Every structure is written in C-alpha cells, then in structure tokens.
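Reading through the structure tokens given below for one structure.
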Amino acid sequence: MKPKFAMYWASSCGGCEIAVLNTNEKILDVDANFDIAFWPVAMDAKYKDVEAMEDNSILLTLFNGGIRNDENEEIAKLLRQKSQILVAFGSCATEGCIPGLANLSPSQEVIETAFHTVSTENPDNIYPQANYEMPEGTIHIPTINSRVKTLVDVVPVDYFMPGCPPESHQISAVLDLVIAVVNGEAELPPKGAVIGVGDSTVCDECTRQRDVKKVTKFTRAHLVGALDPDLCLLEQGIPCNGPATRSGCDARCPTAGAQCIGCYGPAPGVIDYGARLISSFASVIDSNDPDEIERILDGIPDPAGQFYRFSLAGSLLKGAREAV
C-alpha cells in the first residue's frame, strides 16, 4: 500500500494550496507515490474519516494556516495524532502571517470590525453564535481564540516550510526528497529543520549594489519616482526587509524593483525579526546622532506592518498585551 498524504487549510488565504497546484505535473508524482487520505480543498473528506484512522497512519501532513479558532486547534491536534511527519507549511503556520496582525487588537474588537463597521451592512446587529438551535439540531460554529497562534504553539512540529506561499520550485524539491525517502533513496533532515529554503538572507541572493549608506529618510517606493535599477533598495530609502529575511525565493521582489516584505521568515540566527530589521535599517542611515536616527526610523510608514507583517504571532511579542 502507498503511504498516506494529507493537507489541511486552517486560518489562511488558500495561497499555499494554490502553490502546491502550481507545481504542475509534479502533483502527479504525489498521486503516484501517495494515497491522498485527507485534503479538504481537493477532495470530499470529513473529520470523522480522519478520527477513524489509526494513529500515525498518515506519513506526511502539510498543515497550512495559523490557529485562529478552536476548530483549527482541534484539527491540528487530530492531525498531529494521526501523522508521522507534520510540516508547518507556509508563513501562516510557521509565523502567523497576515492574520497574526490581528493580535494587536482584542478578539472582540476584531469581531466588531467584521460585523459592525461601515463596510458591513448589519442593521440588526447580528453576530455569530457558537451554538444555534435549528429544527434539524444544534449548529456549532468555531469560536475565535484570543489571539492567532502558530502551529508549533499548539502541537509539536517536525519541519517548518515558510513562504507566503512557499515557492513552487521549493515545494517540488521537498516533494522529491520525501518521495526519495519513501523509496529508500534518501534520508530526512533532522527534526525541527526549516526546509524548502536557503541558508542565508534575501540580500545574499539580490544582485543590487550595496554599502552606499546615505539614507536620510524612509518612504514608500511609489513616492520616490525613478529608482536606481542597480542600487540596493534599502539604501535608496525604501524599507526593504531583505537583511533579516531567509533566502530561497531568488530575491524575486527586489529584482523586480519591489522591496522584500519578509514572507520567507527570519533568516538563520535571527531571534526576533523586527529587532533585526530595526538594527539593519539604522545601519544605513547617514547620521551618527541617536536622536536623528530615531527620528528617521520613526518616519517608516506602518512600522508594525513593516517589522511584523508575517511574523508577529511567532515573534517574542506575540501581540499587544490586551490581545493576549
């Protein structure tokens, strides 16, 4: 019998699922080498089917999405119980990603924003209820947690594969490795490893010239006008997150003239992504005056989004005090 494969979509946008499909013909290798036991976005599957499986009967599970509600947490624990190898797949599962920015606000405020603001027509002030009685029985819907958690906050994780979403060529490489392991032709990396990535920073993949260090202010790229096509974006005053971001994406954004926004997560050795970025940005400022350096850093548009767009839930901060 072929080993079993599973993929689950928790609190995320679905881009990780699309990235897997974007491996094109490589997806046929998954079907050829695995029995797809659970993949709700691609097949009809029920939680009760997974519950009925023997423990550790699924060889590989790719779990994408953060843990936003009690259903996400329940299924994370279920899939951990049933899986030999559990991979935190994509930025949401590894770091919390964009949904993690909601940790800056109390969960009730998040609900209020969704159901009672100018963008929502809700004249009767109807809000979701965890339980609702219907003639057919009681309906249960997930209850939002106080904050977004990463997968490893809830269950032990064997491997981490960052990216928003992971690059398709990296997914293909990981699938090739797992298939080789199944066929006895290779060995898995040590547990806890970050896979499908490089071992350096986006800056090391970027071909733009560096070490000019003459920044007097930071601004958004579209406000600069004509950018120098050869000069480091950070040293043109564009807040580029390459110095703190793990390599593996081939520096696609900086190469195209857009700053790195950090979707591949912290580079090796980075304990806190935001702290490393602040240090990197300060290093290119054309001043030795601490007050002026602080003033220039204060001019960064949207500092929370800049420093913790993808990593807040998995950072040392986790979120605002009120959200926790």
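To the nearest 20 Debye, how big is the dipole of the chain about its Cα centre, given +1 on the beta carbon of each Lys and Arg and -1 on that of each Asp and Glu?
Numbers: 25 positive and 44 negative charges, 87 e Å.
Using only the charged Cβ atoms, the result is roughly 420 debye.
Of all beta bridges DSSP finds with both residues in the chain, what is the antiparallel percent, to the nearest 5?
The answer is about 30 percent antiparallel.
Rg(Cα) of region 202-314 divided by 2.2 N^0.38 Å?
It is 0.99.
Go through 139-147, 157-165 and give me the packing order, highest mean Cβ count within 10 Å leading. Let's see the in-between values first.
Numbers: 139-147: 15.2, 157-165: 24.7.
Packing proxy ranking, top to bottom: 157-165, 139-147.
On C-alpha positions alone, give me the angle between the axis of helix 273-283 and the longest principal axis of the chain, in degrees, nearest 10.
It is inclined by approximately 10 degrees.
With the cut-off at 1.5 for a/c, could you classify region 19-109 from its C-alpha gyration tensor as rounded, prolate or oblate?
Judged from the Cα gyration tensor, region 19-109 comes out oblate (a/c at least 1.5, b/c at or above a/b).
From Cα pairs below 8 angstrom and at least 6 apart in sequence, can you work out the relative contact order of the chain, rounded to a whole percent?
With pairs under 8 Å counted, the relative contact order is 19 percent.
Compute the helix-to-body angle for 70-82: its Cα long axis versus the longest principal axis of the chain, expressed 0 to 90° and rounded to tens.
70 degrees
Using Cα positions and a limit of under 24 Å, work out the lysines in reach of LYS4, with same-chain residues fewer than 8 apart set aside.
Once the sequence-local lysines are set aside, what remains near LYS4 is LYS26, LYS46, LYS48, LYS77, LYS82, LYS191.
Determine the distance separating the Cα centre of region 219-280 from the Cα centre of region 178-198; give it in Å without decimals.
Between the Cα centre of region 219-280 and that of region 178-198, the gap is 29 Å.
Note down the net charge around VAL178, summing +1 for each Lys or Arg and -1 for each Asp or Glu among other residues with Cβ under 15 Å from its Cβ.
Net local charge, VAL178 excluded: -3.
I want the local charge near PRO189. Using Cβ-Cβ distances under 13 Å, sum +1 for each Lys or Arg and -1 for each Asp or Glu among the other residues.
-2
Cysteines without a disulfide-compatible partner in the chain, using Cβ under 4.7 Å as the rule?
CYS13, CYS16, CYS203, CYS206, CYS232, CYS240, CYS249, CYS253, CYS260
Is the shape of region 248-299 best called rounded, prolate or oblate, per the rule: a/c under 1.5 gives rounded, else a/b larger than b/c gives prolate, else oblate, with a ≥ b ≥ c the square roots of the Cα gyration tensor eigenvalues?
Oblate, since a/c reaches 1.5 and b/c is not below a/b.
Round to the nearest 10 and give me the degree value, 0 to 90, for the angle of helix 168-182's Cα axis relative to the longest principal axis of the chain.
40 degrees
Given the options LEU317, PHE218, SER91, identify the residue whose Cα lies farthest towards the positive end of the charge dipole of the chain (+1 on Cβ of Lys, Arg; -1 on Cβ of Asp, Glu).
PHE218
Taking a ≥ b ≥ c as the square roots of the eigenvalues of the Cα gyration tensor of region 56-151, is the shape rounded (a/c under 1.5), prolate (a/b larger than b/c) or oblate? Each step should come with its number before you reach the end.
Numbers: a/c = 3.29, a/b = 1.50, b/c = 2.20.
Taking the square roots of the gyration eigenvalues as a ≥ b ≥ c, region 56-151 is oblate.
Please identify every one of the GluC sites (Glu not before Pro) in region 1-98 that sits in a loop by DSSP and has no more than 16 other beta carbons within 10 Å of its own beta carbon.
For GluC sites (Glu not before Pro) across region 1-98 that sit outside H, G, I, E and B with at most 16 neighbouring Cβ atoms in 10 Å, the list reads GLU25, GLU54.
Quick one: dipole size for region 202-314, taken about the Cα centre, charges +1 on Lys/Arg Cβ and -1 on Asp/Glu Cβ, in debye to the nearest 20.
Working: 11 positive and 15 negative charges, 64 e Å.
The dipole magnitude comes to about 300 debye.
Every number here is computed from the coordinates shown, using simple stated rules; none is lab data. Worth saying up front: this structure is predicted, and the values here are computed from it rather than measured. In this analysis, Cβ positions are derived from the backbone assuming ideal geometry, glycine residues included, and neighbour counts consider all displayed protein chains.
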